[in-house]
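One structure is given here, and the rest of the page talks about it.
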Amino acid sequence: MTESADSHHLPPKSTVKRWLVTTDHKDIGVLYILTSIFTLVLAGTLALLIRAQMWTSGGLILNGLGYNQVVSAHGLLMVFWFLSPFAFGLANYFVPLQIGADDLAFPRLNALSYWVYLFSIVLFGVSFFQGATFSGGWTMYAPLNVPTVDASSVTQIGGFAAILALTMFVTSVTLGSVNFLTTIYRQRAKGLRMRDIPLFSISILLTVWMMLFAFAALLAALVILSAEHLIGTVYFASDSGGSVLWTHLWWFFGHPEVYIVFFPALGLLGEIVQTFSGRRLVGRKWFVIALALVAIQSFIVWMHHMFLTTINLPIKTVFMVTTIGISLPFDLMVFALIYTMVKGRIRWKTPFLFALGALVIFIIGGITGVFLGAILLDYSFRGTYWVTAHFHYAMASAAVAIIGGIYYWFPKITGKMYNEFLGKAHFVAAFVGFNMLYFPMFVVWETPRRVFVYDTGLTLWHRVATLGAAIFAASFLLMFYNLVKSMYSDRDVTDSPWAYTGSMEWAVSSPPPEENFPGTPSYASGSLEFLDRSATDGGAVADGDAATDGGAVADATTAAAQPADHASWWPFLIGFSTLLTGIGLSGISGPYFVWPFLFTLPVFIAYLGIKGAQHDGFALIHGAYLTASFPLLALLLVLFDADHGFMTGLGEASNYFYITIVGTVLGAMTLIGMGYESFNVPEPKLAEQWPFGEVESTKLGMWTFIGSDIILFGALIGSYVFARFNFGWHEWWEAAEVHKATWPGLANTYILLASSFTIVLALVYAKRQDKRKTLGFLSLTFVGASVFMLNKSIEWIELFWHEGWTFNTDLMASTYYLTTGMHAAHVLVGMLIMLFLIARTYTGAYMGEEESQTIEYFGLYWHFVDIVWLFLFPVFYIL
Amino acid sequence: MASIKTYTTIFGVLMAFSTVQFVFEFSGLLEDNYGPIMAVILVLSVLKAMAVAGWYMHIIEEPRSITYIALAGVLGVIALTVGATYSIS
Ligand code: HEM
Ligand SMILES: [Cu+2]
């Protein structure tokens, strides 16, 4: 071990280093909030540019491309990079405090989510300076999003950079979802049942469920889109349904997304209305049931965004009905909130005003949405300012509620009270400004969306809107001034500054102590108590109903001796490597695209040897890795020479190529660094864990990740089914220029099944502490995977070079290469992880019931990759 | 964990099913009888997937809630695929 133990302790908050290395959920919450507010200002500035442009029909300051960029970037930044991260800043800070957890389940992963998020903003920022950023609207409709349409366009590189930035953002969100799900299910205080967790945490739970699945569909769409840019596949550019396919994928994600941004706000409304009405939410149980219902329903309404596409009338009708259906639970929630206010005694504090304002705004947004959900009305409204007004009422309502949340929890985070008068002034200015800005848009609804030419008779209303925008924007200056000034004031607050509060975050000091609670929180006795930490570790064993067995007892004592770690450099560094990779890929040319990744392989293997030797002491295996990396590198250089000609290849490669290499190499090294870091996160000893009591946190994390991966591959397969069906199922292979590769497909099926079998055996022998056999079967699995890849390469080379069936030959080729290629990429990742496992097993790790779990978790991944293949085999090789 | 014997049996079944799938295509049966045979081939894949998930990923030994996570993903895929494909039929 190279790091000294105290390198994992947090430096003081006044140092920059603290904020780069912290894995503490409260710190990361603050970072999220500040970063998202920065995005708000950025995207808000763009919004002001839009409104300035609309001052007169025909525009004032921007040209066509400029306006398109501003509109697109504004939408993307607000929806993705501002709204959800703003809510998740609060979630990071308060979910653990509300449920009684010391931190999130995977603190380093949490930090990684943040840094990938931050660097994705940087990448988006860079895209503005690469000629022009993405300009096809926030919905990125095809064919505006693919390069083939206008290959010479100035938005080529910047536009793709924005797409890659979004891909990074999706990655961050997925990691975050896995983390929050595991935390909320596994780390609740004893006695805190699922249904009793505070409303905000419930809403976050449902949000991350939706995120887990919805963002995976978006990831599939972005993977395809990236392939269109990098290797020239032709999914979306294809005239057989390409643009409809994009809208399906986008809105299958997109409708859940609008609830994803809104749910945290609903939870906050619940909390704030309760606190300032001085009573529990009326019909709380039904409120929660309605929330859960909406979360499920949100996945079956997406085609209401497609009423003006070529989809058939019966399906439109079905989706009209489901859309009306989804507004019903919303009515229930709205009534529950209103009724609670009516029954309670209201204290008109700033957070309450914002909550009330958000509710009013949301009601308008919801009602106007129901208009749009009616097919016939939408025929007129589609593409007009009615839609713009509708979703701004709906989405900005979320923002307004979260701002209420900022005021609500500001005293808890800082220990100081904000200035009430300025808070109220902010509310009044914001509310007036907001309605001046958006209500006129209903009046002038005939203005076409995303266009700055309109009927001059509507000018007055547009000017009112522009003035409203200025007021709305200016109102935030009041907030910034208020909050910054208050932080340095002497208005200290106690644990709970509000008269009526129920949830746990108000039972700790303001700001909360580093370890969150004075003792282990528990509701087991019926009310909240903080139990002596050392006693509870023993206690859990004694009463035996937490999932403790002999192993966990030993664990508890070691955990007590070894405090939790809170600092790591790796998340920051990994995040930075994704930025470099993103910048590089945005401008890399197709023929060069795979090379940085290939060249990274030998570095990965060599560095595995070096780090392994440092961590576990030098062993033969480390030497073998180091040695093997050289011939591998040589082989790659020979292949590169054959592909591009060595010197000419390197000479002609653009800087983007080199930036990509630096990014991927840094990524490989930092991932290994994190893999070998000893980072102690004690599993909670006394916790409510229904319904995942017997599932360790990492396993649950793995399963939730697999859940999202099911959607990723499922959406790719679904796209194939869609494309093939649209083309004509039976004509598909006849139209393709090649024959199905059924034989190689069968061979690979055998190989992959065998590798699943061997990894199971590796686990069996690891549990029996038979190191030799474990190592043998792990290696056999690795060999199986290698043969799979070799066979796959031969299959591809045959089709690609000998038959000339390339990525863009036809839709059949595109779908075949991309889907099986994504699978092969998963196999390759599995192989890299196996190299790590083999090295560690060689030096004695993973032996025994507890320790072998790492192999088990890897097995889950590996079997999943196998299962995917079990479907790819018939779909791409037989049918 | 199940016994090595169980794992081996399952491995045998998986290999056998895959072979059957292949034979359907190779023998021309699929071509003559596309619809029904396609259904059989897909059902075989589903059964294989269930065997891998059930035993190799030992989902049968886990709390049911783990199964539900996976099923939720599968349901989402079905909704997307069926919805999208039907919409253009
Ligand atoms: C019960 C409530 C709702 C109903 C019935 C509804 C219905 C609709 C419909 C039918 C459209 C498509 C309009 C068109 O493009 O022609 C739409 C657009 C939109 N809605 Fe809603 N909506 C509701 C609530 C929300 C909420 C809560 C949000 C966000 C927090 C939201 C955000 C959006 C957005 C962003 C769009 C525009 C998408 C685009 O850019 O084309 N909606 N809504
Ligand atoms: Cu929608």
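The values are calculated or read from the model by the stated rules, or taken from the named source; none is laboratory data. Since the model is a prediction, treat every value here as computed from it, not as a measurement. Methodologically, a virtual Cβ is constructed for each residue, glycine included, from the backbone with ideal geometry; neighbour enumeration extends over all protein chains shown. Only protein heavy atoms, including side chains, enter the accessible area calculation; ligands, DNA and RNA are left aside. Shrake-Rupley method; radii C 1.70, N 1.55, O 1.52, S 1.80 Å.
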Given (1) surrounded by 15 or more Cβ atoms within 10 Å (Cβ to Cβ); (2) more than 14 Å from every other protein chain (Cβ to nearest Cβ), A:Lys343 misses just (1)
A:Ile797 passes all but one of (1) open to solvent by 10 Å² or more (accessible area, probe 1.4 Å); (2) within 14 Å of another protein chain (Cβ to nearest Cβ); which number fails? (2)
Filter result for the condition that a residue is touching a strand residue (DSSP E or B) at 6+ places or on another chain (Cβ under 8 Å), part of a helix (DSSP H, G or I) and within 26 Å of A:Thr704 (Cβ to Cβ), over A:Ala111, A:Ala101, A:Ala87: A:Ala111
What tally of residues in the stretch B:67-89 results from selecting those that are among the hydrophobic types (A, V, I, L, M, F, W, C) and over 18 Å from the mean Cα position of the chain (by Cα)? 3
Within the stretch A:289-324, track down each residue that is more than 14 Å from ligand 1 (Cβ to nearest atom), in contact (Cβ under 8 Å) with a residue 24 or more places away in the chain and outside any helix (DSSP H, G or I). A:Thr310
From the residues in the stretch A:367-389 that are under 19 Å from A:Val443 (Cβ atoms) and of a type in the set (Gly, Ala, Ser), which one is most open to solvent (accessible area, probe 1.4 Å)? A:Ser380
Single residue of A:Thr233, A:Thr207, A:Thr275 found to be touching a residue at least 60 places away in the same chain (Cβ under 8 Å) and part of a loop (DSSP other than H, G, I, E, B): A:Thr233
Could you please let me know if B:Val52 is touching a His at 6+ places or on another chain (Cβ under 6 Å) and over 30 Å from A:Thr322 (Cα atoms)? yes
Given (1) within 12 Å of ligand 2 (Cβ to nearest atom); (2) open to solvent by less than 10 Å² (accessible area, probe 1.4 Å), index of the condition A:Tyr259 fails: (2)
Restricting to the stretch B:51-60, name every residue that is more than 9 Å from chain A (Cβ to nearest Cβ) and open to solvent by 80 Å² or more (accessible area, probe 1.4 Å). B:Ile60
Pair list, Cβ under 6 Å, 6 or more apart: the stretch A:394-414 residue in the same structural domain as A:Gly89 (by TED's automatic domain parsing) and in a helix (DSSP H, G or I), other residue buried (at least 24 other Cβ atoms within 10 Å of the Cβ) and polar (S, T, N, Q): A:Tyr407/A:Thr350
Only one of A:Ser240, A:Ser226, A:Ser201 is away from ligand 2 (no atom under 16 Å from the Cβ) and not in a helix (DSSP H, G or I); which? A:Ser240
Going through A:Ile300, A:Ile315 one at a time, which residue ends up being open to solvent by less than 40 Å² (accessible area, probe 1.4 Å), within 16 Å of ligand 2 (Cβ to nearest atom) and within 14 Å of chain B (Cβ to nearest Cβ)? A:Ile315
Since B:Ser45 meets every condition but one in (1) at the interface with chain A (Cβ under 7 Å from one of its Cβ atoms); (2) surrounded by fewer than 13 Cβ atoms within 10 Å (Cβ to Cβ), which condition does it not meet? (2)
Looking for something under 23 Å from A:Lys424 (Cα atoms), open to solvent by 70 Å² or more (accessible area, probe 1.4 Å), assigned by TED's automatic domain parsing to the domain that holds A:Ile37 and of a type outside the set (Lys, Arg) - is there at least one such residue anywhere in the stretch A:515-526? no
Checklist (1) surrounded by fewer than 23 Cβ atoms within 10 Å (Cβ to Cβ); (2) modelled with pLDDT of 95 or more applied to A:Leu437, failing item: (1)
Residue among A:Phe439, A:Phe427, A:Phe434, A:Phe391 that alone is assigned by TED's automatic domain parsing to the domain that holds A:Phe80 and either among the β-branched types (Val, Ile, Thr) or within 11 Å of ligand 1 (Cβ to nearest atom) (or both): A:Phe391
Looking at the stretch A:809-822, is at least one residue open to solvent by less than 10 Å² (accessible area, probe 1.4 Å), of a type outside the set (Asp, Glu) and under 22 Å from A:Ser755 (Cβ atoms)? yes
For residues in the stretch A:717-746 being more than 10 Å from every other protein chain (Cβ to nearest Cβ) and assigned to a helix (DSSP H, G or I), which is least open to solvent (accessible area, probe 1.4 Å)? A:Trp732
